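Data first, discussion second: the structure below is written as structure tokens.
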């Protein structure tokens with residue numbers, strides 16, 4: 001999923017990841033590309049600035065790795081990790097998980 005979770009609230013994202021878990025075959029991979037923020041939601045800086053726009057235009061915001069990892073874990077995913085993308089050009093990163 002690319003640039004999806006920032007447009008939705010926490011409950012909708014948790015539900016979406018549960019649906020993805022059910023749809024995946026065993027050992028299937030879930031990859032989420034988005035602005036994945038640090039714990040205090042201040043880095044990456046471009047994500048923090050983008051979050052201001054999101055507050056005005058969506059039900060969502062940029063989420064921290066811990067928040068995304070919790071949704072994935074609650075849905076049943078394992079081996080959850082955060083991987084940076086080359087910057088520049090990317091200001092976002094990936095959260096990768098696997099269905100057992």
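Assorted remarks:
- Selection count where residues are free of Cβ contacts under 8 Å to residues at least 60 places away in the same chain and under 14 Å from the mean Cα position of the chain (by Cα), scope region 18-33: 2
- Residues that are in contact with a helix residue (DSSP H, G or I) (Cβ under 6 Å, 6 or more places away or on another chain) and assigned to a loop (DSSP other than H, G, I, E, B) were ranked within region 58-74; the one that is farthest from residue 14 (Cα to Cα) is 58.
- Scope region 19-57; condition touching a helix residue (DSSP H, G or I) at 6+ places or on another chain (Cβ under 9 Å), surrounded by fewer than 16 Cβ atoms within 10 Å (Cβ to Cβ), over 19 Å from residue 92 (Cα atoms) and at pLDDT 95 or above; matching residues: 19, 22, 28
- Residues being modelled with pLDDT of 95 or more and touching a helix residue (DSSP H, G or I) at 6+ places or on another chain (Cβ under 7 Å) - total across region 75-100: 8
- Any hit, region 47-58, residues being in contact with a strand residue (DSSP E or B) (Cβ under 6 Å, 6 or more places away or on another chain) and in contact (Cβ under 8 Å) with a residue 60 or more places away in the chain: no
- Residue in region 4-17 that is free of Cβ contacts under 8 Å to residues at least 12 places away in the same chain and exposed (fewer than 12 other Cβ atoms within 10 Å of the Cβ) present: yes
- Among all positions in region 75-91, there is at least one residue which is touching a residue at least 24 places away in the same chain (Cβ under 8 Å), over 11 Å from the mean Cα position of the chain (by Cα) and part of a helix (DSSP H, G or I).
- Pick from region 12-40, criterion in a loop (DSSP other than H, G, I, E, B) and out of contact with any strand residue (DSSP E or B) (no Cβ under 6 Å at 6 or more places or on another chain), ranking: nearest to residue 69 (Cα to Cα): 38
- Residue 97 being under 23 Å from residue 11 (Cβ atoms), crowded, with 17+ Cβ neighbours inside 10 Å and touching a residue at least 40 places away in the same chain (Cβ under 8 Å): yes
The values are calculated or read from the model by the stated rules, or taken from the named source; none is laboratory data. This one's a predicted model, so the numbers in the text were calculated from it and none came from an experiment. Don't worry about glycine lacking a Cβ; one is built from the backbone with ideal geometry, like all the others, and counts go over all protein chains shown.
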